[in-house]
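**Q** One structure, as structure tokens, below. Some questions next.
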Amino acid sequence: MKRIPRLSVSEAAYSAVKQVLLSSKYSPGSRIDIDDLCRVLEVSRTPVFDALNRLEAEGIVEIIPRKGTYLVSFSKEKAEELYAVREILEGMATKLAAKNLTERHIETLKKALERQSACLKDDDTEGYASATIKFHNTIAEAAGNKTLERLLGTIYAQMEALRLRTLYLPERLIKSFAEHQRIFDALMKRDPALCEREARNHIRTTTTDALEIVAKNEKSQPEATDLVQTEP
């Protein structure tokens, strides 16, 4: 059998480690068991360490010398930083998508909205989350700017890591779905200014709800790292 190039092993390990860390195995702020990762992924420590260094640069893990490696934990300050950047980037992406949207993008967005609607009726929060990620990723792709898409991907990954093992607020999801529909309608009008405005309004309302929840959690459970999820 042909030997796998080290680069392929490194990339495969990075993808696998990231997938494990963004699963329900680890909660925000928890210490990462590197030996366990190596056993689960059946790789040596070197590619795992390489992957963790990349994930630290992306803001998904925190490596503390002589203490260990931890999945990022959620705080009010962290939430404010991420949502502030996301508002700007997502507003820009939606604005660019207004001019670059293809029929394939439109069909994907329609299916994502249909899936969201069905999940709301069935109280399927995990399905709703999956459809929402697809909705936002499609807009980022439709923007036609690889740098912007990559930056948004990093923001989304951090938010996913920060919200593990949490619950959605049903009332927030209803608002979220309505906001997504308004974004889609703006995209169909091919109006860049309207698209940016709807996208930024969506993130602002999400931010308000998220920060309110963080504040309540910090007050009632000072040591807790979990966040009641609002909407990705």
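Please treat every number below as a calculation from the coordinates, not as lab data. Everything numeric here is computed off the predicted structure, so don't read it as measured data. Note that we place each Cβ from the backbone using ideal geometry, even for glycine, and neighbour counts take in every protein chain shown.
**Q** Step through the residues of region 96-101 one at a time and calculate ³J(HN,Hα) from phi using the Karplus curve (6.51 cos²θ - 1.76 cosθ + 1.60, θ = phi - 60°), rounding each to whole Hz and writing x for Gly and Pro.
**A** Here the 3J(HN,Hα) series is 5, 5, 4, 9, 10, 4 Hz.
**Q** Continuing with the same structure: Quick one: net charge around ASN145, please, counting Lys, Arg +1 and Asp, Glu -1 for every other residue with C-beta under 12 Å from its C-beta.
**A** +2
**Q** In sequence order, what are the phi-derived ³J(HN,Hα) couplings for region 8-18 according to the Karplus relation 6.51 cos²θ - 1.76 cosθ + 1.60 with θ = phi - 60°, rounded to whole Hz, with x for glycine and proline?
**A** Going residue by residue, I get 5, 4, 4, 5, 5, 5, 4, 5, 5, 4, 4 Hz, with x marking Gly and Pro.
**Q** Give me the net charge of GLU196's neighbourhood, meaning all other residues with Cβ under 15 Å from the Cβ of GLU196; Lys, Arg count +1, Asp, Glu -1.
**A** Neighbour charge sum, excluding GLU196 itself: +3.
**Q** Next question, about the same structure. Beyond 13 Å, how much of the Cα-Cα pair distribution for region 6-71 remains, as a whole percent?
**A** Above the 13 Å cut-off, region 6-71 has 59 percent of its Cα pairs.
**Q** Just to check I understand the Karplus step: with θ = phi - 60° and J = 6.51 cos²θ - 1.76 cosθ + 1.60, what whole-Hz values come out for region 138-145, glycine and proline as x?
**A** For region 138-145, the Karplus curve yields 5, 5, 4, 5, 5, 4, x, 10 Hz.
**Q** For ASN100, project a label point 7 Å along Cα to C-beta. Then give me every residue of region 125-151 with its amide nitrogen under 11 Å of that point.
**A** Residues 139-150 fall inside that zone.
**Q** Mind checking which lysines have their C-alpha under 27 Å from LYS175, skipping anything on the same chain fewer than 8 residues away?
**A** Of all the lysines, those that pass the test against LYS175 - Cα under 27 Å, at least 8 places apart if same chain - are LYS76, LYS78, LYS95, LYS99, LYS110, LYS111, LYS121, LYS134, LYS189, LYS216, LYS219.
**Q** Let me ask something additional. Excluding ILE64 itself, calculate the net charge of residues whose Cβ lies under 11 Å from the Cβ of ILE64, where each Lys or Arg counts +1 and each Asp or Glu counts -1.
**A** Net charge in that neighbourhood comes out at +1.
**Q** Same structure, new question: Kindly give Rg over Rh for region 1-134, based on alpha-carbon atoms, with the Kirkwood expression for the hydrodynamic radius.
**A** 1.05
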